Amino acid sequence: LPPVRGEPLQTEDAIATKDDTAGEYWLPWHIDSNFVTVLHKERYASEATAEFVQEPEGAGLMVMNPAGDIAKLSCPDNVLILQMGAFGQIYAGGVVNACRHAVVSPRPPGVARFNFCNFWYVPWHTLCDAPAGRADQAVSNGWNAMMDSSYLDITMRQGFAAFRKFMTSPEARVQFADSVRFKELSEMIPLPARRRLPAAAAAGSSELVVDVMTDVRCPFSFLSQLNLEQALANMGLKDRATVRYHPVFLNPNVPKEGESLDDYLLREYGYTKEFAHSENYPLRVEGLKAGVELNPHRRVVNTFDAFVMIHAATELGKQHEFVKALSQRYFVRAEDISDERVLAAAAADAGLPASEVSSWLQDLGRRAQVQAMYEELSAKLGEVPHFLLRDRSSGNGLEIGGHRSVEAWESVLEGVLEKARFMGVDIPGPYGKQVRLAEGNPNAPVSLALGAQHGWAAASWPYSKADFSRIDESADSAMYSEPRLVNHLDDSSLQNLSEVYRSAFSSVPPGFAVLDLCSSWISHFPQELLQGARVAVHGLNQAELDANTQATERHVQDLNQNSRLPWDDQTFDFVTMALSVQYLTDPRAVFAEMHRVLKPGGMAIITHSHRCFIEKAVHLFAAETDDGEGHTHHVCNYFRFGPTGGWQNLSTVDVSPNHGDPVWIVTAVKAGFSN
């Protein structure tokens, strides 16, 4: 492009100089989701005086070619740069390439970076389809999720949503792209609920979940697990790691009588008995390194029943102990772990009731679950062992296969911890306490919603009566006359909601009082924190509230008909409302009542998502169900004017899981508390 003034710019004036030593990325590697971006070279200025300052050393726009070479763009200040985006590449069938780029910005304190960016989009509902016969050339497979085939045949709006989700994810901040298999396995194997850790472990930053996909007779898996345990111990993570096991059989058709390991090794690998029993046999050497002497007299056995037992042990919280006992009996003692008597002995070793083993093994439902998991996993994995390692709060992690040394495992664990580092949000809690939401994503738009306004707020109520109109204006009691004993979000999302409550409730002494407004048959509170607590639940259906086992008292009332709550002033420490704020036709009145029944310093926690009964949601929410930030601002306004000046310490946090429905949180503290 020609400069603003002067002679036309020559091509060599704007060049990319190869640079493989780029430093910290301020903006991670990505491809813009739009058609084209117009921008100029970034400038730097003092945050205190707004005067221009010299560009920090090493800062700049980095670009990448299809071969993965990285270069820094160098150009004069008086040019505009044209940068192609994803839709441009797809519409051109790959003839024009989108620009992979990142920004390196080692800014000194007090220095701000800015530049002009003009993002060119098309109407939101334009379909992104490639020219006929050029779909394969139109996408960039294997680089990251920004330009794979998932971008084909979606709308401009959907493409932008995917782009924003990537750019605000912790994955982007630490510069990695999850493999497709990591995402698939993470969806197949949900994360467990957070454990109650010992005090010393709870002080750490992460709780790890390790899912081992293997056959329990695989020696490479056994040795790799021993090395992993040692690496966890070396890094002080042993008490903060949960290890689980899932079946991927080496041979599901091994006959009941099994086979001599010597015969198996000779037939499959040509290893003689003398070699397999020798001092220098590689597996024996690796075992000694891991602190165990593998017994060469083992038999190749069918391990289906062993995994049925592992399934049963999981339900009793003894899975890891049972697998350790089983491994000791098989790899060291060379016992037949397909034999029910051996399985019963291993169960006793692990603290399980040996008398239950027969009934567990004969449970057809349990056996069907093991078979189904094997079939599902074996379709994704071609080898064992395979490991899925994740941070429990963020869901980020790695999937890797094969045998690894202690040192290699330490490196892997460091990588998982790095991916967890950008998660977690601190918010003001009740009575002057700080609450840490480990599942909070600090870079998500909802988490940044308040800060993006830089203190601005509407001076008066910004809504009209039409904003609270509904498709179905009939009485809510009619719609809710029949009980609905269902969950309205998926399990991983509800689990994160429970963790929010756990973090908040843990900040106050036992015996607190909580009011769950617009509740149902379950409140999603952490049960272990409710001992001695007063749990009042409100809703529209008596049968649903009666089914709520966490409630100590129940009250049926239509808040859209009568917002006055029956409780006295300053009764509760917490008021919660999950997935119902979108139905309130007079939210100011309801929020004023929440304020009245809370003690000064008490905390309100409002949760919303993208799901709703659309005919009953008010227009503000129904018009755009996926607008998390917009709805978050509405809830903030409900607090600001319900009543005016009655709330302080507003916070907005996105605690959505990696794989699940969005979970958006808005919290506030009742003003008037003093230490």
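The values are calculated or read from the model by the stated rules, or taken from the named source; none is laboratory data. Values in this document were obtained by computation on a predicted structure and should not be read as measured data. Please note: Cβ atoms are built from the backbone with ideal geometry, for glycine as well, and neighbour counts cover all protein chains shown. Remember, those area values only see protein heavy atoms, side chains included, never the ligands or the DNA or RNA. Shrake-Rupley method; radii C 1.70, N 1.55, O 1.52, S 1.80 Å.
Structure notes:
- Burial ranking of peptide ranges 210-220, 425-435 (average Cβ count within 10 Å, highest at the top): 210-220, 425-435
- Over the chain, DSSP H runs of length four or greater, each weighted -39,500 (n - 2.57), average out per residue to a 222 nm ellipticity of -8000 deg cm²/dmol.
- Relative contact order %, the stretch 505-594, counting alpha carbon pairs below 8 Å whose residues are six or more apart: 30 percent
- For the stretch 48-65, putting each phi into the Karplus relation 6.51 cos²θ - 1.76 cosθ + 1.60 with θ = phi - 60° gives couplings of 7, 10, 6, 7, 5, 10, 5, 4, x, 4, x, 7, x, 8, 9, 10, 9, 8 Hz, in residue order, rounded to whole numbers and with x for Gly and Pro.
- Among the listed pairs K41/K165; K256/K380; K165/K599, a Cα-Cα separation exceeding 31 Å is found for K165/K599.
- Three semi-axes of the equivalent ellipsoid, the stretch 300-396, Cα gyration tensor, whole Å, largest first: 23, 16, 16
- Candidates L80, S33, A551 compared by Cα position along the dipole of the chain: farthest toward the positive end lies A551, with charges placed on Cβ.
- Rounded to 0.05, the FRET efficiency of the I614 and V38 pair, given R0 = 56 Å and the Cβ-Cβ distance, is 0.90.
- Annotation: the antiparallel percentage among DSSP beta bridges lying fully within the chain is about 70.
- Accessible surface, the chain, averaged per residue in Å² (probe 1.4 Å): 45 Å²
- Separation between Cα centres of the stretch 255-328 and the stretch 541-617, rounded to whole Å: 57 Å
- Of the residues G440, A457, V406, the one whose Cα sits farthest towards the positive end of the charge dipole of the stretch 406-492 is A457 (charges of +1 on Lys and Arg Cβ, -1 on Asp and Glu Cβ, taken about the Cα centre).
- In a fully extended conformation the segment linking E383 and A135 would gain 86.1 nm over its present Cα-Cα distance, using 0.36 nm per residue.
- Derived scalar couplings between HN and Hα for the stretch 413-423 equal 5, 4, x, 5, 4, 4, 6, 8, 5, 9, 10 Hz in order, rounded to whole Hz, by the Karplus curve 6.51 cos²θ - 1.76 cosθ + 1.60 (θ = phi - 60°), x for Gly and Pro.
- Dipole magnitude for the stretch 283-408: computed about the Cα centre from +1 point charges on Lys and Arg Cβ and -1 point charges on Asp and Glu Cβ, it is near 240 debye.
- Placing R0 at 41 angstrom, the Cβ-Cβ distance between A475 and S358 gives a FRET efficiency of 0.15 after rounding to 0.05.
- Whole-percent carbon and sulfur share, accessible surface of the stretch 536-665, 1.4 Å: 44 percent
- If you take the Cα centroid of the stretch 332-405 and the Cα centroid of the stretch 644-662, the two points sit 38 Å apart.
- Around Q453: net Lys/Arg minus Asp/Glu count, Cβ-Cβ under 13 Å: 0
- The distance between label points at K289 and A466 comes to 7.3 nm (points 7 Å beyond Cα on the Cα→Cβ vector).
- As computed over the chain, the Cα convex hull volume per residue (Å³): 218 Å³
- The stretch 445-486 - charge dipole about Cα centre, Lys and Arg +1 at Cβ, Asp and Glu -1, debye rounded to 20: 160 debye
- Relative contact order (%) - the chain, alpha-carbon pairs under 8 angstrom, separation at least six: 10 percent
- Full-stretch length increase - V486, R181 - with 0.36 nm per residue and alpha-carbon distance subtracted: 106.7 nm
- Cβ-Cβ distance of E528 and E47, R₀ of 56 Å, FRET efficiency by 1/(1 + (r/R0)^6): the value works out to about 0.75.
- Partner lysines for K616 [C-alpha distance under 19 Å; skip if fewer than 8 residues away on the same chain]: K465
- Student exercise, the chain dipole from Lys, Arg, Asp, Glu Cβ charges, in Debye to nearest 20: 1100 debye
- Counting 0.36 nm for each residue step from W456 to R554 and taking away their Cα separation leaves a gain of 31.4 nm.
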